[in-house]
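A.B. asks: I have a structure I would like to understand better, so I am pasting it below and will then ask my questions one at a time.
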Amino acid sequence: MKSALKISFIAVLLITVTQLHSQKKFKANWESLSQYECPEWFRDAKFGIYTHWGVYSVPEDESDWYGTYMYTEGHPNNTTHKENYGDPKEFGYKDLVPLFTAPKFDADEWADLFVESGARFAGPAGEHADGFSMWDSKANPWNSVDMGPKRDIVAELETAIRKRGLKYVVSLHHSWLWGWFPTWGENTDCANPANESLYGEKVASSAWRVEGERGYYKVDPMPSAKFEKLWLEKVKEVVDGYNPDLLWFDNRVQILSEKVRQEMMAYAYNNAAKNNQEFVLTFKRPDFPLGTGTVDLERNRMPDIYPEPWLTDNSISKQKWIWHKDLKCYPTNNLIDDLVDIVSKNGNLLLNVAPHPDGTIPEDQKQRLREMGQWLKLNGEAIYETRPWLVYGEGPTETKTGHLADMHFDGFGDEDIRFTTRNGQLYAIALGWPKSNVLSVKSLSSTSFNGDIKRIELIGSKSKLTWEQTKTSLNIQLPSAKPCEHAFVFKIN
């Protein structure tokens, strides 16, 4: 008996030692960081949710860039601020912080909604561009535990989301803080050295605001060593304190020195390895080299199948990321079609929702998330755990490409079809219901597809389908009744 126990102990010890040796050790250089591998859970998950919610939500105005635009003379946010709060010289962004009390925020209620939507990963914006941390920060006195809500928002959502079996996301946008507030001026509270801990150190001028589609890409002067140190400390606090499964970075991280960017990635990857955690780090190009993390596109998507998993972050509203009184949401049909298109190209969708300043998620946004969940409950086998087919799809609609391109995209039509596969099963997903009641799939014509089609099912329909495969297309006769309200999934054997 003792001998058997001894052998078992040695076996366990050997396995443990092997696992420790097999863990990758990342060094702070691009070659070592290119060991990164996107985990299977992300490849399988396909759909996640995050939130733009913070001090910038309080004015209920039209821009998540309120903090910078409120100081820009003549900008609508500047005008609104003067009407509601007075001159920003007297009532600055710091004075909005006590108004962000979030009296109705309920992390469990949010998490239940995320589950109902069919999302597989979810979480908050940990810090936006405004320098206010939504966690119990020791590096930053402007945080949600010491001020505003007096609650650790990142911690509460971590507990609620993980309790429901979802992967946890934290997004970080804080590289934008460098030059976000007009610290170069003399006539605002931003220039007061007493407020530097929120607004950042004084910079020479606003010269960095002159180029790029959004107007914030040229940076002169570049960030100081002091700024970089605080930026890194904030990332480490999130990594050490909350161990997110997915750490998401907004663009403009490339303004930081290569050394700091490399140190951050190595720290996050080694922390995950230490915890045996399957970790994802997403970034926008050109902040990090390809292969060192997972690529994210903002309001944009790949034009074709991309060989590595990738992410699109888009919002539930076509124009806005945060709540305001006139927020208009995409129709549910557009959101589902976008998800299908992105998944067919080997991507995942991270959908932003915009909570009300009081901490509730408005009903029109809830409705869309619930409708997405209902669709996924019926058709999820064609989305979750799928992989791309030989081609992503067909149809006349071309998606636009480039940063923020989806803001100028009006959606798909009845002739657009997307393909996915799962365990050898092919799915053809029609993004509309043809008026002719015949779905023609050119990619499965007898001259394009060398294979026997034995059976075709329409998920959610009990009708037996008939079809004909010709030299130009596979023509499927549709039943008289639709099985659901949105994209229609055909299971082809």
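Every number here is computed from the coordinates shown, using simple stated rules; none is lab data. Because the structure is predicted, anything quoted here is derived from the model rather than measured. Cβ sites come from the backbone with ideal geometry, for glycine too, and all protein chains shown count toward neighbours.
A.B. asks: Calculate, in whole percent, how much of the Cα-Cα pair population of the chain lies beyond 38 Å.
C.D. replies: 32 percent
A.B. asks: Let me ask something additional. State the Kirkwood hydrodynamic radius of segment 393-492 in Å, one decimal place, computed from all pairs of distinct Cα atoms.
C.D. replies: Hydrodynamic radius (Kirkwood, Cα only) of segment 393-492 equals 14.5 Å.
A.B. asks: Which peptide among 137-143, 297-303 comes first, and what is the full order, when sorted by highest mean count of other Cβ atoms within 10 Å?
C.D. replies: Details: 137-143: 17.7, 297-303: 19.9.
Ranked by mean Cβ neighbours within 10 Å, highest first: 297-303, 137-143.
A.B. asks: Hey, another quick one. For q = 0.16, 0.18 Å⁻¹, what log10 I(q)/I(0) does segment 301-432 give under the Debye formula with an equal point scatterer on each alpha carbon and no solvent?
C.D. replies: -0.82, -1.02
A.B. asks: In nanometres, what is the gap between the two model label sites at residue 162 and residue 415, each 7 Å from Cα along Cα-to-Cβ?
C.D. replies: 5.1 nm
A.B. asks: What is the extension gain from residue 408 to residue 43, computed as 0.36 nm multiplied by their sequence separation minus the C-alpha to C-alpha distance, in nm to one decimal? Please list the in-between numbers first.
C.D. replies: Values: separation 365, 0.36 × 365 = 131.40 nm, distance 2.78 nm.
My answer for the length gained is 128.6 nm.
A.B. asks: Dipole magnitude of segment 393-492 about its Cα centre, charges +1 at Lys/Arg Cβ and -1 at Asp/Glu Cβ only, in debye to the nearest 20?
C.D. replies: Result for segment 393-492 is approximately 480 debye, rounded to the nearest 20.
A.B. asks: Oh, and also: Quick one: helix 225-242 against the long Cα principal axis of the chain, what's the angle to the nearest 10°, folded into 0 to 90?
C.D. replies: Between helix and principal axis, roughly 50 degrees.
A.B. asks: Do any of 138/226; 104/328; 104/318; 462/491 go past 24 Å between their Cα atoms, and which?
C.D. replies: Details: 138/226 16 Å; 104/328 22 Å; 104/318 26 Å; 462/491 13 Å.
The pairs that break the limit, which is 24 Å between Cα atoms, are 104/318.
A.B. asks: In whole percent, what relative contact order does segment 122-189 give with Cα contacts below 8 Å and a gap of six or more residues?
C.D. replies: On the way: 95 pairs, mean separation 26.6, N = 68.
Here the relative contact order equals 39 percent.
A.B. asks: Using a 7 Å offset from the Cα along the Cα-to-Cβ direction at both residue 377 and residue 222, what is the distance between the two label points in nm, to one decimal?
C.D. replies: That separation, rounded to one decimal, is 5.3 nm.
A.B. asks: Sticking with this one: Once you keep just the Cα pairs under 8 angstrom separated by 6 or more residues, what percentage relative contact order results for segment 393-492?
C.D. replies: In percent, rounded to a whole number, it is 28.
A.B. asks: Among the listed pairs 27/167; 229/325; 89/259; 167/234; 24/202, which are separated by more than 29 Å between their Cα atoms?
C.D. replies: Values: 27/167 26 Å; 229/325 38 Å; 89/259 37 Å; 167/234 21 Å; 24/202 41 Å.
Over 29 Å apart, Cα to Cα: 229/325; 89/259; 24/202.
A.B. asks: Give me the extension gain from residue 398 to residue 328: residue separation times 0.36 nm, minus the current Cα-Cα distance, reported in nm with one decimal.
C.D. replies: Working: separation 70, 0.36 × 70 = 25.20 nm, distance 2.42 nm.
Between residue 398 and residue 328, full extension yields an extra 22.8 nm.
A.B. asks: Kindly state, to the nearest 0.05, the FRET efficiency for residue 275 paired with residue 196, given R0 = 45 Å and r defined as their beta-carbon distance.
C.D. replies: Approximately 0.80, to the nearest 0.05.
A.B. asks: Calculate, for residue 150 and residue 60, the FRET efficiency according to 1/(1 + (r/R0)^6) with r their C-beta to C-beta distance and R0 25 Å; round to the nearest 0.05.
C.D. replies: 0.70
A.B. asks: When a/c reaches 1.5 or more, the comparison of a/b and b/c decides; with that in mind, is segment 447-488 rounded, prolate or oblate per its Cα gyration tensor?
C.D. replies: Numbers: a/c = 2.36, a/b = 2.10, b/c = 1.12.
It comes out prolate by the Cα gyration axes.
A.B. asks: Highest first, please rank the peptides 280-288, 377-385 by the mean number of other Cβ atoms sitting within 10 Å of their residues.
C.D. replies: In descending order of packing, they fall as 280-288, 377-385.
A.B. asks: Could you tell me the calculated FRET efficiency between residue 257 and residue 422, based on Cβ-Cβ distance and R0 = 30 angstrom, to the nearest 0.05? Display every interim value, and only then the final one.
C.D. replies: Working: r = 44 Å, r/R0 = 1.45.
Approximately 0.10, to the nearest 0.05.
A.B. asks: Whole percent per 10 Å bin, from 0 to the bin with the longest distance: what is P(r) over all C-alpha pairs of segment 335-392?
C.D. replies: Taking all Cα pairs of segment 335-392, the binned fractions are 20, 45, 25, 9, 1 percent.
A.B. asks: Over segment 367-448, what is the relative contact order in whole percent, taking alpha-carbon pairs under 8 Å and six or more residues apart?
C.D. replies: Relative CO of segment 367-448 lands at 27 percent.
A.B. asks: Sticking with this one: What 222 nm value per residue comes from the helices of the chain, counting each DSSP H run with n ≥ 4 as -39,500 (n - 2.57) and dividing by all residues, nearest 500 deg cm²/dmol?
C.D. replies: The helix contribution divided over the chain gives -8500 deg cm²/dmol.
A.B. asks: Next question. So, by mean Cβ neighbours within 10 angstrom, what's the order for 49-58, 153-162, 88-97, 70-79 with the highest one leading? Walk me through the numbers on the way to the answer.
C.D. replies: Values: 49-58: 25.6, 153-162: 21.9, 88-97: 19.1, 70-79: 15.9.
For the peptides 49-58, 153-162, 88-97, 70-79, the packing ranking is 49-58, 153-162, 88-97, 70-79.
A.B. asks: For labels at residue 25 and residue 290 in the simple 7 Å Cα→Cβ model, what's the distance in nm?
C.D. replies: Here the answer is 3.1 nm between the modelled labels.
A.B. asks: Let me ask something else about it. What number do you get for segment 161-316 when its Cα radius of gyration is normalised by 2.2 N^0.38 Å, N = residues?
C.D. replies: Details: Rg = 17.1 Å, N = 156, 2.2 N^0.38 = 15.0 Å.
Against the empirical 2.2 N^0.38 Å value, I get 1.14 for segment 161-316.
A.B. asks: Could I ask something else about it? Using +1 at the Cβ of each Lys and Arg and -1 at the Cβ of each Asp and Glu in the chain, identify which of 367, 383, 268 lies farthest towards the dipole's positive end.
C.D. replies: 383
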